[in-house]
Amino acid sequence: MATFLYRLGRGAFRRRGRVVLIWLGVLVAVVVGAAGASGPSDEEFSMPGIESQKAFDLMEERFPGTAADGATAQVVFVAPHGQKVTAGDTRKAVEDAVGSLGDGPQVADVEDPFASEAVSEDGATAYATVTYKVEPSEVTDASRTAVDKAADHARATGLTVETGGSAMDSGGGPGGTAEIVGLAAAAVVLLFTFGSLAAAGLPLLTAVVGVAVSLFGIVLLAGPLGLSADTLTLGMMLGLAVGIDYALFVVSRYREERGRGLAPQEAAGVAVGTAGSAVVFAGVTVVIALAGLSVVGIPTLTKMGLAAAGAVTVAVLVALTVVPALLGFWPNAVLSRRARKAGTTIPRDRGAGGRGNLGARWARFVLRRPVAVLVLGVVGLGALAVPMTSLQLGMPGDEAKSTATTERRAYDALAEGFGPGFNGPLTIVVDAREAADPQAAVRTISDRISDTDGIVSVSQAGFNEADDTAVFRATPSTSPTDEKTKDLVETIRHDRPAVEEQASATFEVTGTTALNIDIAAKVQSALVPYLVVVGGLAVVLLLVIFRSVLVPVKAALGFVLSVLAALGVLVLVFQEGHAADLFGVEQTGPIMSLMPIFMMGIVFGLAMDYEVFLVSRVREAYTRGETAGQAVVSGFQHSARVVTAAALIMVAVFSGFIGEDGSLIKMLGFSLAAAVLFDAFVVRMAIVPAVLALLGDRAWWLPTWLGRLLPRVDVEGEGLGHARSDSPGPHPDGSVEARV
């Protein structure tokens with residue numbers, strides 16, 4: 001692979017104009033295609049095979065023309081303090097607003113709050129429900145504007161009016177602020193690392209190109225594939241982070257090879273052949289982990305994983321082709337001012353025997369105290385991981401949004417006026433085809449559920465045209481994300497056999513609350529198996545790369561430790577509320593169901609990224625004949641600074657997304673920043689050299705029989721000597737072929 005990438009890098013450098021034109025053509029094509037696309041949708045989470053999803057499917061089958069997840073909007077009216085919405089001019093203002101809601105485009109029906117008894121007991125709050133003919137993703141801006149105008153007219157009379165519901169969520173996607181913050185932080189880190197504006201700007205430029213191609217590609221495919229707005233933000237987040245880092249590794253190696261005396265084209269080839277090999281490996285691990293999310297069985301999670309994997313693939317291709325092409329246009333610009341003045345030759349770092357740079361000095365510090373560093377790192381991350389044992393998964397809704405949003409205020413007004421469980425009613429679907437008297441069967445089931453502790457009210461059942469299926473709603477006394485609501489659903493399902501036997505009919509529990517509970521349970525049961533699979537994959541991949549038994553095991557255990565610590569910190573902040581204000585968390589509650597397993601897939605690739613860049617240089621020095629300890633110092637001397645810069649960029653980019661409104665993106669940005677911080681600086685920079693120091697030569701032990709079975713993957717560029725001997729032009733001393 002290194003040989004192929006070496007030739008690819010030389011070719012991109014030599015044919016730089018053609019490479020840039022090809023990528024510009026790709027960018028123009030996706031931009032033009034995205035301009036006429038429908039854009040992202042607001043698809044509801046679903047999971048085939050769970051009870052709540054089966055009930056949704058049954059409703060759509062037995063109630064044709066009525067989508068179980070069709071768009072609805074709720075307009076909440078709150079009377080001025082001390083007044084009631086049922087009195088005089090206040091009631092007339094509500095009726096006028098409800099009347100104007102029915103005139104909106106796409107509206108199928110509007111429920112009058114006074115006719116449907118949608119008024120609180122104290123008479124201070126009422127709500128109107130607007131049902132649309134289309135799904136949430138198909139609601140137009142004109143329909144939302146009609147709701148807003150009706151609300152504004154009612155507000156003018158003195159009423160407090162808030163709006164919510166699936167129809168009012170216009171999606172969103174990348175807002176721009178998080179991306180600007182991430183880019184600015186990355187620019188500072190790159191400038192400090194390279195000491196050159198051109199060297200700092202090139203990774204940013206190529207990352208932006210890759211992100212643009214990815215985002216417009218996602219927009220182009222969003223309609224046909226049903227991709228959500230969160231997918232756009234996730235693509236932006238990952239595209240920026242890995243795009244900058246991958247380009248950083250290639251540019252850094254290019255500067256190093258120029259410092260060894262190589263000509264620009266040759267240095268570009270060697271940089272892509274060596275650092276590019278690690279980029280390919282890191283990218284492949286992320287892609288495999290993200291694509292592997294499809295085994296969980298959640299279509300939305302699968303789509304997000306595949307879209308994110310596509311963004312990572314584009315970032316890898318850009319790093320391997322666009323970066324060397326741009327280096328071809330400005331071969332000396334990325335070098336430091338001192339190097340340009342010295343004729344593009346940078347004084348080589350002193351070897352392991354000298355004092356070396358900060359990375360070498362840190363490695364020597366760890367080598368002198370490996371046990372203390374190892375114990376401190378493991379105990380520290382283990383302590384942070386403890387809160388993870390109380391992890392609660394759920395699907396936060398409007399209650400997790402900022403109080404500055406009308407959706408959150410509408411949620412709070414309904415909870416105050418009608419009780420906390422009003423925002424998450426349970427939908428009961430009764431199949432009475434086998435019952436002799438369907439009406440009596442439904443009444444029996446309704447009465448039994450009404451008598452269940454934790455149910456405050458049950459609505460009147462509605463039958464289909466065939467009069468064999470009914471639907472009614474049961475309102476819990478607790479909020480949708482309360483653990484007591486989860487226990488209530490489990491109780492109803494546990495008592496179901498006796499109720500069904502008495503009624504001679506079957507029923508299922510569904511609704512958004514039940515669906516979220518089922519998804520959370522399914523994802524939570526998949527966390528440990530997925531972690532085992534990903535960890536096992538890490539062992540296999542690193543076994544092939546490093547041809548060592550103990551190094552891969554150490555790497556996988558370190559990955560697990562950093563993931564658990566990140567989840568523990570996430571629970572502390574978002575679930576338990578510690579330092580919640582610092583991170584803009586206004587409402588604590590369960591962790592977004594899809595977040596932990598998605599975070600595992602992303603962190604897996606990033607952790608293996610840092611492992612390869614650090615340990616490959618250690619192994620390279622060891623195979624040259626250095627002792628195990630000297631090899632650790634040499635490896636850190638060449639790679640610690642670049643890996644540190646890459647990790648800081650990742651943390652900065654991910655942290656920028658903590659300010660986003662969406663719960664999934666906010667939690668994902670926080671957890672990824674924490675995971676990268678722990679994995680790069682505690683696991684890879686501290687625990688890894690400590691373990692290598694304690695293992696010594698045994699770290700690189702591989703049974704002979706296993707060595708014969710494993711394929712040889714050249715990440716360090718050992719096979720470049722033959723390829724470079726065939727290439728034209730002189731090969732100065734000190735090049736890779738001389739070293740390997």
### Message
I need a count of the residues in the range 449-469 that are small (G, A, S) and either outside the structural domain of E434 (by TED's automatic domain parsing) or closer than 18 Å to A436 by Cβ (or both).
### Response
2
### Task
Provide a single number: the residues in the range 497-524 that are crowded, with 24+ Cβ neighbours inside 10 Å and farther than 16 Å from P396 by Cα.
4
### Query
Can we say A12 is part of a helix (DSSP H, G or I), modelled with pLDDT of 90 or more and crowded, with 17+ Cβ neighbours inside 10 Å?
yes
### Query
Within the set of pairs 6 or more residues apart or between chains, which connect a residue that is at negative phi and aliphatic (A, V, I, L, M) inside the range 133-144 to a residue that is assigned to a loop (DSSP other than H, G, I, E, B) and crowded, with 16+ Cβ neighbours inside 10 Å with Cβ atoms less than 7 Å apart?
V134/A71; V134/Q106; V139/A71; V139/Q106
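To keep it simple, each residue is scored yes or no on (1) crowded, with 17+ Cβ neighbours inside 10 Å; (2) out of contact with any Asp or Glu (no Cβ under 7 Å at 6 or more places or on another chain); (3) assigned by TED's automatic domain parsing to the domain that holds N464; (4) within 21 Å of T485 (Cα to Cα).
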{"residue": "V366", "(1), (2), (3), (4)": "yes, yes, no, no"}
{"residue": "M388", "(1), (2), (3), (4)": "yes, yes, no, no"}
{"residue": "G419", "(1), (2), (3), (4)": "yes, yes, no, yes"}
{"residue": "A432", "(1), (2), (3), (4)": "yes, no, yes, no"}
### Message
Regarding the range 586-609, can at least one residue be identified that is surrounded by fewer than 23 Cβ atoms within 10 Å (Cβ to Cβ), out of contact with any Pro (no Cβ under 8 Å at 6 or more places or on another chain) and small (G, A, S)?
### Response
no
### Residue within the range 626-639 that is of a type outside the set (D, E, K, R), surrounded by 22 or more Cβ atoms within 10 Å (Cβ to Cβ) and under 26 Å from the mean Cα position of the chain (by Cα) present
no
### Task
May I ask you to list the residues in the range 96-113 that are buried (at least 16 other Cβ atoms within 10 Å of the Cβ), free of Cβ contacts under 8 Å to residues at least 40 places away in the same chain and of a type outside the set (V, I, T)?
Q106, E111, D112, P113
### Criterion: touching an Asp or Glu at 6+ places or on another chain (Cβ under 6 Å), at pLDDT 90 or above and of a type in the set (D, E, K, R) - qualifying residue of E501, E508, E490
E508
### Summary
Expected single match for of a type in the set (V, I, T) and more than 21 Å from Y411 (Cα to Cα) among T145, T129, T90 is T90
### Message
List the residue pairs whose Cβ atoms are under 9 Å apart, where the first residue sits in the range 374-396 and is more than 30 Å from A363 (Cβ to Cβ), the second is part of a helix (DSSP H, G or I) and basic (K, R), and the two are 6 or more positions apart or on different chains.
### Response
Q392/K486; G394/K486
### Task
Scan the range 530-579 for residues that are among the hydroxyl-bearing types (S, T, Y), surrounded by fewer than 24 Cβ atoms within 10 Å (Cβ to Cβ) and within 11 Å of M600 (Cα to Cα) and report the count.
1
### Query
Picking from V378, V429, which residue would you name as being more than 30 Å from V75 (Cα to Cα) and either touching a Gly at 6+ places or on another chain (Cβ under 6 Å) or among the β-branched types (V, I, T) (or both)?
V378
### Task
Quickly run through the range 434-466 and pick out the residues that are assigned to a loop (DSSP other than H, G, I, E, B) and either more than 14 Å from E501 (Cα to Cα) or without any contact (Cβ under 8 Å) to a residue 40 or more places away in the chain (or both).
D437, D451, T452, D453, G454, S459, Q460, A461, N464, E465, A466
### Task
Look at the range 84-94 and say how many of its residues are crowded, with 16+ Cβ neighbours inside 10 Å and not in a loop (DSSP other than H, G, I, E, B).
4
### Message
Which pairs turn up if I take residues in the range 310-326 that are in the same structural domain as L240 (by TED's automatic domain parsing) and look for partners that are basic (K, R) and in a helix (DSSP H, G or I) with beta carbon separation below 7 Å, at least 6 apart in sequence or on another chain?
### Response
A325/R16
### Task
Tally the residues that are of a type in the set (S, T, Y), touching a strand residue (DSSP E or B) at 6+ places or on another chain (Cβ under 6 Å) and surrounded by fewer than 21 Cβ atoms within 10 Å (Cβ to Cβ), restricting the search to the range 136-162.
1
### Task
Working only within the range 279-301, note down all residues that are more than 14 Å from the chain's Cα centre (by Cα), polar (S, T, N, Q) and farther than 17 Å from A556 by Cβ.
S294
### Message
When you scan the range 215-236, do you find a residue that is in contact with a helix residue (DSSP H, G or I) (Cβ under 8 Å, 6 or more places away or on another chain), within 16 Å of V322 (Cα to Cα) and part of a helix (DSSP H, G or I), even just one?
### Response
no
## Note on the structure
Per the filter on the range 122-146, residues of a type in the set (A, V, I, L, M), in a helix (DSSP H, G or I) and within 33 Å of the chain's Cα centre (by Cα) are A142
### Summary
Only one of T125, T72 is touching a residue at least 60 places away in the same chain (Cβ under 8 Å), surrounded by fewer than 22 Cβ atoms within 10 Å (Cβ to Cβ), of a type outside the set (F, W, Y) and touching a Phe, Trp or Tyr at 6+ places or on another chain (Cβ under 8 Å), namely T72
### Task
Sort out which residues of the range 493-536 are assigned to a helix (DSSP H, G or I) and small (G, A, S), and write them in order of number.
A498, A503, A514, A520, A521, S525, A526, G535, G536
### Matching residues, the range 152-168, being modelled with pLDDT of 85 or more and in contact with a helix residue (DSSP H, G or I) (Cβ under 7 Å, 6 or more places away or on another chain)
H153, A154, T157, L159, V161, E162, T163, G164
#### Entry: Test result for T588, out of contact with any strand residue (DSSP E or B) (no Cβ under 6 Å at 6 or more places or on another chain) and at pLDDT below 80
yes
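The values are calculated or read from the model by the stated rules, or taken from the named source; none is laboratory data. Bear in mind the structure is a predicted one, so any value in this text is a computation, not a measurement. Cβ sites come from the backbone with ideal geometry, for glycine too, and all protein chains shown count toward neighbours.
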